[in-house]
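Q: Right, I'll just put the structure down here and ask away after.
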Amino acid sequence: MDDILARDVSSKEPLLTTNFHCFWPINAYSPNPRNYRVHSGSPETLLPTLDVPLLVVGDLNIHNPLADPLRSCSPREIESSTPYFEKAAEAGFALLNPPGESTRFPLVGNARPSVIDLAFANPLLLPMFKNREVSLPWTGYDHLPIMINLGPPTLIPSRRSPRWSDMDWETLSPGNKDSRIPPAPPCPSLMDLDKWLAGSLDRLTALLKEHTPVSTPSHYSKPWWTPNLTTLCRVFHKASRVARKHGTPALRDVANISKAGYFKSIKTAKNKHWSSFLLRATPQTLWTGKRFAYGRAPSRFPSLPGAETPQQMNEVLLDYFPPSKEPFSPPPDYGLIRRRHHE
């Protein structure tokens, strides 16, 4: 029987500066690791749709090119793992694993390292996800320990960042008088030591800001774009190229799955950005939100089919509204009406 451990972590205070008082981690593992057909529950049970932040982790015992692009998955492995990734894409779950980062290293046998310890985050938990690390020391088990760090969500992303590679380090060399920090006072008191540390830090900060250029975001940049979308984009384009090159049904299925997950993740990211925009809306940005909600205004001049130049537009209009070729014949009482008008 498959084993799934779900816990309800509740708190009286809001978690991580959010409005949620509850957090759900689900740990799934297979009791029969020798048979890859045995999975930790059905996709509907493992990836439910909840109104609370949800983190799904564990040894799911599935192999899919979305998690390990360098692995040559068999059609049977793709068939058994596809329902899980399709369900994750439909429910808006994001895969937190970097593609190709192995987490299991067999101690015996000729098996190669694999990626089977997966982690999924639903749309409510994804803003709290900071990073994923496998830097802990080896514990003697064939699976590496994994740390997933969560933190308060950042509603306003930092769009301007310093370009450290373009920094003029020569101006901050030890021989420069401006970059020298005054020595600490001998036997200082706590107030004097705090004053010296604050002054030294302010001096270093001012030097770094003065000699470090800052990147300016392009007006083509997308504020809703995330590093997870970059990873999904690379996986999608790689799967599409492989499917076009070889053209097997299994590779085409992988390309379709990666395409569906990529575009559904884009939709989820846009909805998340729109929600955060509405949360921090001000009277100054109210009309901007209204413009985004109503969409682009219709064109003031109707478009004419097959007409791009003024001459073509004139011909199209004449075809639709041809001028009358009959001469104008005034009515019988036309002169009487005209005399009465002048009188």
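The values are calculated or read from the model by the stated rules, or taken from the named source; none is laboratory data. Being a predicted model, the structure only gives us computed values, none of them experimental. All Cβ positions, glycine included, derive from the backbone under ideal geometry; neighbour counts span all protein chains shown.
Q: Pairs needed: first member in the stretch 42-54, more than 16 Å from R7 (Cα to Cα); second member anywhere, of a type in the set (F, W, Y); C-beta distance under 8 Å; at least 6 residues apart or different chains.
A: Cβ pairs passing all conditions: P43/Y84.
Q: Has the stretch 82-98 got any residue that is among the charged types (D, E, K, R), at pLDDT 75 or above and farther than 22 Å from P43 by Cα?
A: Among the residues of the stretch 82-98, not one is among the charged types (D, E, K, R), at pLDDT 75 or above and farther than 22 Å from P43 by Cα, which makes the answer no.
Q: State all residues of the stretch 40-91 that are in contact with a helix residue (DSSP H, G or I) (Cβ under 7 Å, 6 or more places away or on another chain), assigned to a loop (DSSP other than H, G, I, E, B) and either surrounded by fewer than 20 Cβ atoms within 10 Å (Cβ to Cβ) or of a type in the set (F, W, Y) (or both); if no residue qualifies, say none.
A: T49, P69
Q: Considering every residue within the stretch 113-123, establish whether at least one is touching a helix residue (DSSP H, G or I) at 6+ places or on another chain (Cβ under 9 Å), touching a residue at least 12 places away in the same chain (Cβ under 8 Å) and assigned to a loop (DSSP other than H, G, I, E, B).
A: Yes, some residue in the stretch 113-123 is touching a helix residue (DSSP H, G or I) at 6+ places or on another chain (Cβ under 9 Å), touching a residue at least 12 places away in the same chain (Cβ under 8 Å) and assigned to a loop (DSSP other than H, G, I, E, B).
Q: A further question follows. Within the stretch 252-265, identify whether any single residue is under 26 Å from T17 (Cβ atoms) and at pLDDT below 80, and answer yes or no.
A: Scanning the stretch 252-265, I find no residue that is under 26 Å from T17 (Cβ atoms) and at pLDDT below 80, so the answer is no.
Q: For W196, are the conditions met, namely being assigned to a loop (DSSP other than H, G, I, E, B) and surrounded by 15 or more Cβ atoms within 10 Å (Cβ to Cβ)?
A: no
Q: Another question, if that's okay. Would you point out the residue of the stretch 119-141, among those that are within 20 Å of Y29 (Cβ to Cβ) and at pLDDT below 80, that is nearest to the chain's Cα centre (by Cα)?
A: L136
Q: Quick test of your reading of the structure: E101 fulfils all but one of (1) at pLDDT 85 or above; (2) assigned to a loop (DSSP other than H, G, I, E, B). Name the failing condition by number.
A: (1)
Q: Next up: In the stretch 55-95, how many residues are within 17 Å of Y29 (Cβ to Cβ) and either under 19 Å from the mean Cα position of the chain (by Cα) or of a type outside the set (D, E) (or both)?
A: The qualifying residues number 12.
Q: Which residues, counting only those in the stretch 75-101, are touching a residue at least 24 places away in the same chain (Cβ under 8 Å) and hydroxyl-bearing (S, T, Y)?
A: Matches in the stretch 75-101: S80, T82, Y84.
Q: Might you check whether a residue that is modelled with pLDDT under 80, surrounded by 15 or more Cβ atoms within 10 Å (Cβ to Cβ) and under 14 Å from L124 (Cβ atoms) occurs anywhere in the stretch 27-35?
A: no
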